[in-house]
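Here the structure comes first, spelled out in structure tokens, and everything after it is commentary.
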Amino acid sequence: MISNGLNSATYPEIVSASASQISLSTELRSLLLAELNSSWSSTMLARLAAQRLAEIRQVFRQPIRSFSTALNYHIDSPDNNPDLLWEFSDANKEKVKEIISQYPSNYKQSAVIPLLDLAQQQHGGWLPVSAMNAVAKVIEVAPIRVYEVATFYSMFNRTKVGKYHLLVCGTTPCMIRGSREIKDTLLKHLGVKRNEVTKDGLFSVGEMECMGCCVNAPMITVADYSNGSEGYTYNYYEDVTPQRVVEIVEILKRGEKLPPGTQNPRRIRSGPEGGNTTLLGEPKPPPCRDLDAC
Amino acid sequence: MAWRGCLSHNFKELRILLCQSSPASLTTRTFVEKNYKDLNTLNPKLPILIRECSGVEPQLWARYDMGVERDVRLEGLTEEQICKALEDLVKIGESLKA
Amino acid sequence: MGLGLLASKAMRPASRIFNSQNPRNFLFRTIVSKPELQKPETSAAQAQPDPPPVDLPPRTPVAGARVHFPNPDDAIEVFVDGYPVKIPKGMTVLQACEVAGVDIPRFCYHSRLSIAGNCRMCLVEVEKSPKPVASCAMPALPGMKIKTDTPVAKKAREGVMEFLLMNHPLDCPICDQGGECDLQDQSMAFGSDRGRFTEMKRSVVDKNLGPLVKTVMTRCIQCTRCVRFATEVAGVQDLGMLGRGSGEEIGTYVEKLMTSELSGNVIDICPVGALTSKPFAFKARNWELKGTESIDVTDAVGSNIRIDSRGPEVMRIVPRLNEDINEEWISDKTRFCYDGLKRQRLNDPMIRGADGRFKVVSWRDALAVVAEVAHQVKPEEIVGVAGKLSDAESMMALKDFLNRMGSNNIWCEGTGMNPNADLRSGYLMNTSIAGLEKADVFLLVGTQPRVEAAMVNARIRKTVRANQAKVGYIGPETDLNYDHQHLGTGPQTLLEIAERRHPFYSTLANAKHPVIIVGAGLFEREDKDTIFSTVETIAENAKVVRPDWNGLNVLLLNAAQAAALDLGLVPESGNSIESAKFVYLMGADDVNLDKIPGDAFVVYQGHHGDRSVYRANVIFPAAAFSEKEGIYENTEGYAQQTFPAVPTVGDARDDWKIIRALSEVAGIKLPYDSLGAIRARIRTVAPNLVHLDEREPATFTASLKPASSQKITLTPFENVVENFYMTDSITRASKIMAQCSALLTKK
């Protein structure tokens, strides 16, 4: 689902395009009106034309498609270019060895995703192009094969993120349960746009697809890169409300830890609010299995 | 067989055209196999061009000075007859020089 | 368009609405174009039972598709539209349909690339399958009943087509692919006449792939053919599929040029106009072009090409299918050298005056001057050199002319000072290019096939990928685009292998089909006879040459070489040029001009004002390969001929005609006046050259040769081709090739 944040105001060319469409349709309508004498058919046509006009407007009122990932090509910048040296840390080199040992020696390239993940954790939550090159070297493939994987998965960030990267689930169940407000609240509270990092470098907000917590929708994920790959956590905070996410942000800002899971105090994990309502007793076995009854 | 050594005195180029597989070229093929090394060693400077082409009639071509050429058709000839034909070509070369 | 017409167009649907009960029909759009397609499942059921397959007319396989049964027991029978076909096990449904003569529309499937199965255009109906299946990726199973023209299949194609066109821009009028576009053709044949997509089409940033390939990435339909080509055939892993979903795009991620010598082929395999030729951009429409089937002369491979011309101008060069030589690829040099044909051309006979400047003269005067000088010198002071691009006819004429003048000093560039042309096996690729695919071990001696013969390199790469063949390479450091062992740089390593001291020897000796490829660059070495006999020793020890397999190959460098050696263009004395008084250069631009004595009279006959023109006293303008009919023999001994695509420039003439005319002026008239007559003459020298489009293998192997007694020197082998893009007078005159060498060759 696409956020409403990208309205047409940010895209002036869309506005002008729709304006020209409108003027064209008006022209057509007046033309038709001039050509037709019958007042009945002219009103009929006018109505149809107006309907079509409304349709065209509708098309442009829809938010234009935007993509959750960043650009699909690399632009050199001082902190992200192929000339920068990037290496796995000594501790992570051990981990790299262990990860690769899990795959057959002739299929080293299978380790691309875990290695990219490790590199991302080491590099504060995002992958510069030199990190991808380093991974390519480790698994002995052409760099482009790694770029393909890194651009495919939205969990790999190719631009800078905050130490706490907040990901709001935007898939249908969460959206129905109010994920849009949650995201808007987060963005407003932090004073950033989507995929932008706060000035203090602590937070960034992104959007992601379903994480499978629909029963506790809406949910956010906090990827914590504040302690490198050793202290890396990726926690779900479920049943959040706009108030609660602000609290979560503040807790994180203070450097405190927060137990993951549902934020609704009246629920236990994914159980129903206020305790179980069904299956309260020991379930009866099916009659055919009740050997004593026979 | 002294004439073998004077090939390069009389010839500028010797060409043997033959087919890779046809029975008509069989004797020519064995002639080449048996004699090429010898001829080449005795006349290291002389180009002895052996040209295979499927279906071609075996031929022996000699080029003398000033672009004069003579040829012998080798179809049906035995190895000795091919040797003889070559010797004849050498003699023609001598007569052309004279 | 007049106002009335516009209004009447608007009226027409309106009048239908008046009759209709439901005025909403005006806005109701249906995608299904035929009534039976609206409910394909039911009409498919109605089509049952199948008509008995008795009187089906026999069908011819698509594009002459050949069926090869590796094992007759593995044949299975499938039914395509009720027509039974026998195919080998493991073929896909699409291939089975091709054998049955049904052409299945496809975008991503390409017979020479791996299967991707992502365009879905090849959907067909298979009986008992609940959904249409992608025929390119589905193996055919015994008894499968494939239906290609049922409503289900047709609707599936229509649907796929609609999806593909959703994001495809409607810029066919300004697209260079227009007229030869798979998407255009197939949307006409299989697509619907309308689409339901009303949103914004996506747009994609264009990529810079270098001076040869123009990209309009918005047109891309993500078939990934180019990615697979670059990865599998070209061996440069630069292209990839980036992003996901509707944001997916082809690119290199980081700014990178495509540094492959085969990059131009992505233009051909791109089914849409996303990758087009940059030099050809907006130059012509394909239906304006006249295609002439010809042969490439920029290297010794003899790739089959089609020269597309408009009027007197060569507009582009595209490959032709030849399974034995270039499959369906050509190198970038072949494809883009054509602009060199329009630049630096010699178009009039010229004589250098006393002031050192050339003066245009008539043919009569030019020939008279040359004939006179030729008679003034001693026969042994006459020297003739044929160039890299010479055809067999002209070399024959030149040889006959000089022989009749009494000179025997004639050779072809690149064959060295002391060539041995006795046994054809000594200078040909005896395995044949296609035969390389059988090999399991390669030993490259002083050759860098990637720059010397890109198409041969592509075969080696194919073999390395398919058979996991091992490659050993002896020569200067180079970048071959497949895994190889760099064994050494010079004859030292060769001697070690010959003496069985080198570990690679056992690899070679244990191979089933070992191949040794010796570079023709070694012809220029002083110790070439010894090097060749060393290689022959290796071949003998490692059983590379057997009655059933001749794996000892020479890779020649230029188009004229094989024919020149076949015709016996062998100089009587290797250093005759140093004492020459009359030098006839027939398109020879790479001779060492410093060696020609200062008082020698130099005639240059050729089509380009290249290096040798600066030394020439007389210039005879000749026709380039695109303007004449001429026989060329490639490195494997496959004779082919070029055909004239465009008229000659200015007063230029065919090479052999010039020599024939000169011989008449010189009073030693050559006995041929027509192409047929000169070919009859060639038949008495090297009859294999007139057996066109056939490979005449050499039967006598090097074992007949006496051993060489030369001393081997240990100087390392050298790079033979310094710059892949500029090797002859045509490519040196080409602007595109100059751009390529500036941008793409590694410094």
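Note on chain C: Rg/Rh from C-alpha atoms, Kirkwood Rh, equals 1.04. Within region B:13-47, name every residue whose backbone N is under 12 Å away from a label modeled 7 Å from Cα of B:Ser95 along the Cβ vector. Of the residues in region B:13-47, none has backbone N under 12 Å from the label point off B:Ser95. Peptide C:401-407 has a mean of 3 when you count, residue by residue, the C-beta atoms of other protein chains within 10 Å of its C-beta. Peptide A:144-153 shows a mean partner chain C-beta count of 6 within 10 Å per residue C-beta. The trypsin sites (Lys or Arg not before Pro) of region C:72-159 meeting both criteria, a DSSP state outside H, G, I, E and B (loop) and at most 12 other C-beta atoms within 10 angstrom of the site's C-beta, are C:Lys128. The label point for A:Lys93 and the one for C:Asn71, both projected 7 Å from the Cα toward the Cβ, are 4.9 nm apart.
So for region A:164-262, averaging the separation of alpha carbon pairs under 8 Å that are six or more residues apart and normalising by length, what relative contact order in percent results? Averaging sequence separation for qualifying contacts and normalising by length gives 31 percent for region A:164-262. Taking 0.36 nm per residue of separation and subtracting the Cα-Cα distance, full extension of the segment from C:Glu629 to C:Lys512 would add 38.0 nm. Here region C:429-555 carries DSSP beta bridges of which approximately 15% are antiparallel, counting only pairs with both residues inside. Once the chain from C:Thr713 to C:Glu313 is taken as fully extended at 0.36 nm per residue, the excess over their C-alpha distance is 139.1 nm. Estimated from the Cβ-Cβ distance and a Förster radius of 51 angstrom, the FRET efficiency linking C:Ser579 and C:Glu477 is about 0.85.
With neighbours defined as other Cβ atoms within 10 Å of a residue's Cβ, the residues C:Leu141, C:Leu289 order from fewest to most as C:Leu141, C:Leu289. Between B:Arg70 and C:Ser111, the simple spin-label model (points 7 angstrom out along Cα→Cβ) gives 5.5 nm. Stretching the chain fully between C:Arg285 and C:Arg59 yields a gain of 78.0 nm (0.36 nm per residue, less the alpha carbon separation).
Once the chymotrypsin sites (Phe, Trp or Tyr not before Pro) in DSSP loops with at most 13 neighbouring Cβ atoms within 10 Å are cut out of chain C, the longest remaining piece is C:283-747. Peptide B:6-14 shows a mean partner chain C-beta count of 2 within 10 Å per residue C-beta.
Annotation note: GluC sites (Glu not before Pro) in region C:431-483 located in DSSP loop regions with a Cβ neighbour count of at most 11 within 10 Å are C:Glu477. Under the classification rounded if a/c is under 1.5, otherwise prolate if a/b is larger than b/c and oblate if not, where does region C:429-555 fall, given a ≥ b ≥ c as square roots of the Cα gyration tensor eigenvalues? Judged from the Cα gyration tensor, region C:429-555 comes out rounded (a/c under 1.5).
Note on C:Ile174 and C:Arg546: with the Förster distance fixed at 60 Å, the Cβ-Cβ geometry gives a FRET efficiency of about 0.55. Normalising the average separation of contacting C-alpha pairs (under 8 angstrom, six or more residues apart) by the number of residues puts the relative contact order of chain B at 38 percent.
For region A:164-262, DSSP calls about 60 percent of its internal beta bridges antiparallel.
Put in order of Cβ neighbour count within 10 Å, fewest first, the listed residues C:Asp171, A:Asp117, C:Asp296, C:Asp589 become C:Asp171, A:Asp117, C:Asp589, C:Asp296. Give the shape of region C:62-166 as rounded, prolate or oblate, defined through the alpha-carbon gyration tensor: a ≥ b ≥ c are the square roots of its eigenvalues, a/c under 1.5 means rounded, and otherwise the shape is prolate if a/b is larger than b/c and oblate if not. Since a/c reaches 1.5 and a/b is larger than b/c, the shape of region C:62-166 is classed as prolate. Could you pull out which residues in region C:425-442 have an amide N less than 15 Å from a spot 7 Å beyond the Cα of C:Arg465, following the Cα-Cβ vector? What the label zone holds, given the 15 Å backbone N cut-off, is C:437.
If you build the convex hull over the alpha carbons only and average its shadow over all orientations, what do you get for region C:172-277? Give it in nm² to one decimal. Here the figure is 7.3 nm², rounded to one decimal. Cross-link pairs exceeding 30 Å between alpha carbons, from the set C:Lys86/C:Lys290; B:Lys45/C:Lys388; A:Lys183/C:Lys131; C:Lys399/C:Lys705; C:Lys256/C:Lys462; C:Lys154/C:Lys214: C:Lys86/C:Lys290; A:Lys183/C:Lys131; C:Lys154/C:Lys214. Each Lys or Arg adds one and each Asp or Glu subtracts one; over the other residues with Cβ under 11 Å from the Cβ of C:Asn510, this totals +2. Over chain B, DSSP H runs of length four or greater, each weighted -39,500 (n - 2.57), average out per residue to a 222 nm ellipticity of -13000 deg cm²/dmol.
Measuring nothing but how far apart in sequence close Cα pairs (under 8 Å, 6+ apart) lie, relative to its length, chain C scores a relative contact order of 13 percent. Highest mean first, the peptides A:91-98, C:552-559, C:658-665 sorted by other C-beta atoms within 10 Å per residue fall in the order C:552-559, C:658-665, A:91-98. The trypsin sites (Lys or Arg not before Pro) of region B:24-87 that DSSP puts in a loop, and whose beta carbon has at most 11 other beta carbons within 10 Å, are B:Lys45. With a Förster radius of 51 Å applied to the beta-carbon distance between C:Ala368 and C:Asn723, the computed FRET efficiency rounds to 0.80. Its DSSP H runs of at least 4 residues, each contributing -39,500 (n - 2.57), put the calculated 222 nm mean residue ellipticity of chain C at -7000 deg cm²/dmol, to the nearest 500. Dipole magnitude for chain C: about 2440 debye, using +1 per Lys or Arg Cβ and -1 per Asp or Glu Cβ, origin at the Cα centre. Its residue count N fixes a reference of 2.2 N^0.38 Å for the protein assembly as shown, and the Cα radius of gyration divided by that reference is 1.18. Rounded if a/c is under 1.5, else prolate if a/b is larger than b/c, else oblate: which is region B:1-84, with a ≥ b ≥ c the root eigenvalues of its Cα gyration tensor? Judged from the Cα gyration tensor, region B:1-84 comes out prolate (a/c at least 1.5, a/b above b/c).
Note on C:Met429, C:Met144: ascending count of other Cβ atoms within 10 Å places them as C:Met144, C:Met429, the fewest first.
Taken together, the values in this text are just the output of simple stated rules run on the coordinates, not laboratory data. Given the structure is predicted, the values throughout are model-derived calculations rather than measurements. Neighbour counts run over all protein chains shown; Cβ positions are idealised from the backbone, glycine included.
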